[in-house]
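The values are calculated or read from the model by the stated rules, or taken from the named source; none is laboratory data. Because the structure is predicted, anything quoted here is derived from the model rather than measured. Ideal geometry is used to build each Cβ from the backbone, glycine not excepted, and the neighbour counts take in all protein chains shown. The area values use the complete protein model at the heavy-atom level, side chains included, leaving out ligands, DNA and RNA. Shrake-Rupley method; radii C 1.70, N 1.55, O 1.52, S 1.80 Å.
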Amino acid sequence: MRSLVTGGCGFIGSHLSEQLLELGHEVVILDNLACGREENIETFVDHPRLIFIKADIVARSEIVSAFEGVDWVFHLAGIADIVPSIERPDAYFQTNVMGTLNVLQCARETGVKRLVYAASSSSYGIPDRYPTPESSPLQPQYPYALTKSMGEDLVLHWAQVYKLPSISLRLFNVYGPRSRTTGAYGAVFGVFLAQKLNGKPYTVVGDGTQTRDFTYVTDVADAFIHAAKSSINGEAMNVGSGHHYSINRLVELLGGEVVYIPKRPGEPDCTFADTTKIARLLGWGPKVPFEVGVQKMLDRIDKWSDAPVWDPDSIRQATSTWFKCLGA
Ligand code: UDP
């Protein structure tokens, strides 16, 4: 079996590539290293069944040959983060939408057997139902969420019209080793771990009672493999932990002082996936409890030694566009 992982040098893609190698697959990683890092694959880059191709999904002619002879395509390449997506929507549209179109067309042309797409729970916006089922309306609040939702639309449409066997996985707050440490102000784990390492208080948004469905990265990689193995086609499914945890609980597990910063416009008070569908259709369920996952992150806290250390002032500056565009 040969698998292609777009974004294979990224946080989730690198864990997925590793699991596919363990399954005995030949793995082709396609990554332009804009967000992904070679360091993420350094422990297995010399594996005899691994091929790494540095290329951009936006350039179809550069990537099509990588799809030859591929059985399963996992499409995780994309750009994330809220603020840069508001500031540079063109780039997000190019990569997350046009890039997805290119991947789908290459997959069709070369006759791949299955395609699994990494969609985002952020596309639900502020849901009105918890746990949130797949039937809830998608209401993106900012361009990143919109482009991920458009990518999913393309994938499901290609499944319908061109019978390209595909599943879209809507990922909820994925965390774990290799999550991004540099770049724009981003996911809470990276922010808090760098603050802890530097003896700074955690910047808790609002009163910290908001909750997130934190899902451990190896469980997410496992969900992708379950999706590829199944014969179900043209469905979107949530991938979540089955629980939701408050930011105050995360602080309690990490230990340390806090400082409070303003609530951010457009963000939900809760994310919590209804995972009934994926359990029923794919037989997938999460395995890593939150407390265990947080401890694994703490065991590797030295990885955050070069990460930016955010404080209320620098966060206010970094999120000014966010407040300006999404605020009342
Ligand atoms: N959060 C926080 N302090 C920070 C960054 C995030 O308290 O410096 C909170 C944020 O309010 C949210 C949760 O952590 O409730 C997860 O935020 P993240 O940006 O990681 O994910 P998202 O909001 O997209 O679910």
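Worth pointing out:
- Condition check for Ser179: part of a loop (DSSP other than H, G, I, E, B) and at pLDDT 95 or above: no
- Restricting segment 210-260 to residues that are part of a strand (DSSP E or B) and touching a Gly at 6+ places or on another chain (Cβ under 8 Å), the residue that is surrounded by the most Cβ atoms within 10 Å (Cβ to Cβ): Thr215
- Restricting attention to segment 35-86, the residues that are assigned to a loop (DSSP other than H, G, I, E, B), more than 18 Å from the chain's Cα centre (by Cα) and within 23 Å of Ala223 (Cβ to Cβ) add up to 6.
- In segment 182-209, of all residues being assigned to a loop (DSSP other than H, G, I, E, B) and of a type in the set (Ser, Thr, Tyr), the one that is modelled with the highest pLDDT corresponds to Thr209.
- Residue match in segment 301-308 (condition: within 19 Å of Ser179 (Cα to Cα), in contact with an Asp or Glu (Cβ under 6 Å, 6 or more places away or on another chain) and touching a residue at least 24 places away in the same chain (Cβ under 8 Å)): no
- Thr182 fulfils the conditions (1) open to solvent by less than 40 Å² (accessible area, probe 1.4 Å); (2) away from the ligand (no atom under 14 Å from the Cβ); (3) hydroxyl-bearing (Ser, Thr, Tyr) except for a single criterion, (1).
- Yes/no for Ala194 being open to solvent by less than 30 Å² (accessible area, probe 1.4 Å), small (Gly, Ala, Ser) and within 12 Å of the ligand (Cβ to nearest atom): yes
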